[in-house]
1. What number of residues in segment 198-232 are in contact with a strand residue (DSSP E or B) (Cβ under 6 Å, 6 or more places away or on another chain), crowded, with 18+ Cβ neighbours inside 10 Å and either within 22 Å of Ala136 (Cα to Cα) or not aliphatic (A, V, I, L, M) (or both)?
2. Taking segment 551-566 as the region of interest, how many residues are assigned to a strand (DSSP E or B) and either open to solvent by 50 Å² or more (accessible area, probe 1.4 Å) or within 20 Å of Met473 (Cβ to Cβ) (or both)?
3. Within segment 472-492, is even one residue surrounded by fewer than 21 Cβ atoms within 10 Å (Cβ to Cβ), of a type in the set (Asp, Glu), touching a residue at least 40 places away in the same chain (Cβ under 8 Å) and in a strand (DSSP E or B)?
4. Residues in segment 283-294: is at least one under 30 Å from Ser132 (Cα atoms), charged (D, E, K, R) and touching a residue at least 12 places away in the same chain (Cβ under 8 Å)?
5. List, please: which pairs have Cβ atoms under 6 Å, are six or more places apart or on different chains, and start with a residue in segment 205-224 that is under 16 Å from Ala755 (Cβ atoms) and end with one that is in a strand (DSSP E or B)?
6. Only one of (1) out of contact with any Gly (no Cβ under 7 Å at 6 or more places or on another chain); (2) of a type in the set (D, E, K, R); (3) surrounded by fewer than 22 Cβ atoms within 10 Å (Cβ to Cβ) fails for Arg599. Which number is that?
7. Considering only segment 732-767, how many residues are in a loop (DSSP other than H, G, I, E, B) and β-branched (Val, Ile, Thr)?
8. What is the one condition in (1) among the aliphatic types (A, V, I, L, M); (2) farther than 30 Å from Gly364 by Cβ; (3) open to solvent by 30 Å² or more (accessible area, probe 1.4 Å) that Leu270 does not satisfy?
Amino acid sequence: MLTRPLTIAVAIALCAANAHAADVAATTGATTDASAALSAQTLDTVSVIGQGETRQVQRITAVDKQVLPPGTSGQKILDRLPGVSVQSNDAFGANEESQSITLRGFDKSRLGYTLDGIPLGDNSYGNYNGLSIARALIAENLAGAELSQGIGSLGVASTSNLGGTVQYFSQDPSTEFGGRASVTVGDDNQRRGYLRVDTGDINGFSAYVSGVHQEADMWAEPNQNQTTRQFNAKAVWNVGDNRFGAFAATSRVSQANYAYLSKSMLARGLGYDWNIYAPDWDRAVAAAYCAPGTYNAQKCAFSGGVNSIDDAYYQSRALRDDNLYSLDADLALGETSRLKLLAYHHENRGQGHWWAPGQPSNPGTAQALPISIRSTNYTINRQGITAALSWQWGIHALEAGLWYERNDHNVERNFYYITGPFLDDGYLNHPDRRLFDQDFDIRTRQFYVQDRMRFLDDRLTVDVGIKSPNTRMTANARPGTEASYASGTLTAKESVLPQAGIGFKLSQNQELFASYSENIAAFVGGGSGGPLQVSPESFAASAGLEPEKSKTLEAGFRTFGEKYQASIAAYRVMFDNRLLSLNPCTSIEVGTRPECITRFINVGSVKSQGAELTFILKPVEGLQWYNALSWNKSTYEDDYTSGGAIVPVAGKITVDTPQRMASSEISWNRDGFFASLRAKYTGKRYYTYTNDQSVAGVTTFDAGAGYSFGPGLGLRDIKVSLNATNLTNKRYAGQLSSFAPTDPTGTRYAIHASAPRQVFMTVAAEF
């Protein structure tokens, strides 16, 4: 029992130390050159609103985590930043099926993500080229993040950063021997234990090892258990002006998935707590006999407000195993040059279960049932390198870099026969049916060069650069499957994508900035769907596809004072070559002409424009008031044809894009006490392209408070904290997905419900 309070005390002491570092950083306003990439070492010494940058930049540090419970994913912490909407149906933002982030009209799969420079892929649920930050890093080891809304750094290793980049940074090892431990308990049987031990500095070498074990029940019936087990280790060795590093992370996750809701279901009174049938097996079987593939008039029965086979299913689960490793070096090449090298390896095994009604088990036998388990199996085996050479030449800070990655990915969909209910929290083997099986060979090459020039006694900064991405994706469909899938190759490449920026200091504490950039995205592949996960006929009909592309122009003003920071930015983005899967022909024409086949088509452009305001006030020591406002209007620019009819979307607001958002957070840190209250308003969002269906805007609150007792009981610090998410218990539509042109009857399953209010207590210790 003693281990729980000790563990919690350690984490609290760390937050207090980081809070002090962040306060110092905010007042110093120190910046780094373009040749010195942001890292865990420099994160606490840079401005949170990007002072000195020629692009819109916002940062979070460890102190920003205090309002949310320990274990909250780095992505959810981003929600307070201007222009950002983060949704998830769990308090920690870690449930990946319900997790989403939108930014300036772009969804999460059109943003770029890295951890200490390691590419994390496109953050899609059925991922084929990476993993989420929640699996890549134990949340307690997060030092902070940098968000570039719209224009990311040229050196970011991403093939999906059309709308911006998120760079996460892990904490460096402590230079003092010791450790941290924490225990978090809370609603829905939440139990989280964290332990970390640091070696301290040993002749320039330092390292830590850390681990987490977390268990929690679903907040809705049947309250099924979910588990997370993670391990992180990091080492740093400083030799003169050179730095060498190593990082290792493992993650084993089992998440029970919540049911999707429709507006019709909510209107029928099923409510936001509606979930899966389990453990009511008989009810699930009776409903499954109503499905077309297993219809039995005598056994078919809906009950309890359900009137459709898709209103519920027995259960669903996501299993993910990841191993991530990296080695890096930062080498001094003389007085004016440095070479940064990074090598990484990532392997993943995943399996998603859905107890599919209408898919029979053991047909034609005495054990026949109208349900079988559909699984989608994923594997990733990728390795890559990045290199960046920087040097100073007069007024020029030059940098040239490259990134290469090879990714072997497989996705298959199987069905497993069952004889009755059980908890499917383990991997399934030996399928009874195999729907499809595809291997993907994905090769990425990207080169960039950039130059930062300073004029007028460093008052004027000019950034120019180009990058040249090339991603080739080859699919190979394996034989022996029920469905025929494509084999072929798609390449997304561009010889020159320009980027330029300018910053001008009006005074020491006031500056203007403006930037322009162009980006393309690689074609989506593997478990995320895309133009290769289709039939051979559909792939052939999709010849000539162009990769999605964006052009971003932004400008703004920043000002800094002893007790405040503020920035305002305006932007305009053109997103071209938007991809959709559809059939341009009428149902009568389907199959009569070669072009009358469902396929991926470039359907036109999206125009996004808006403004973002950040204001941070620090009236007295220890008190901070953070505010962010954003306005966005993202509209489809072109109608398109589907099913032989024109879909009138030109001028309509893009799906899942709130036009107005606001966040405000007041935090206080003094004499061991700390408290934070955060409010976030997210405006109305559409889930149909024609805007005939939407979900209402919502304001939510999160709160955190605690006390650091300082040294005692042989420990460096003991800390107790309390966190409440969704403080007012507001129930609302959280994540939106499954978008469609129209939904006149509100029957589309497009909504994941928000989590109710949840309260957590943490005890942490530092020793």
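1. Total meeting the criteria: 13.
2. At the first step, the residues of segment 551-566 found to be assigned to a strand (DSSP E or B) are 551-560, 564-566.
Retained after the next criterion (residues that are either open to solvent by 50 Å² or more (accessible area, probe 1.4 Å) or within 20 Å of Met473 (Cβ to Cβ) (or both)): 551, 553, 557, 564.
The number of residues fulfilling the criteria is 4.
3. No, the conditions are met nowhere in segment 472-492.
4. No - not one qualifying residue is present in segment 283-294.
5. Taking only residues 6 or more apart or on different chains, the pairs are Gln214/Arg192; Gln214/Thr228; Ala216/Gln190; Ala216/Gln226; Asp217/Asn225; Met218/Ala256; Asn223/Asp217; Gln224/Ala256.
6. (3)
7. Matching residues across segment 732-767 total 3.
8. (3)
The values are calculated or read from the model by the stated rules, or taken from the named source; none is laboratory data. Remember, predicted model here, so these are calculated numbers, not experimental data. Note that each Cβ is placed from the backbone with ideal geometry, even for glycine, and that neighbours are counted across all protein chains shown. Side chains are part of the model used for accessible areas, which takes the heavy atoms of the whole protein and leaves out ligands, DNA and RNA. Shrake-Rupley method; radii C 1.70, N 1.55, O 1.52, S 1.80 Å.
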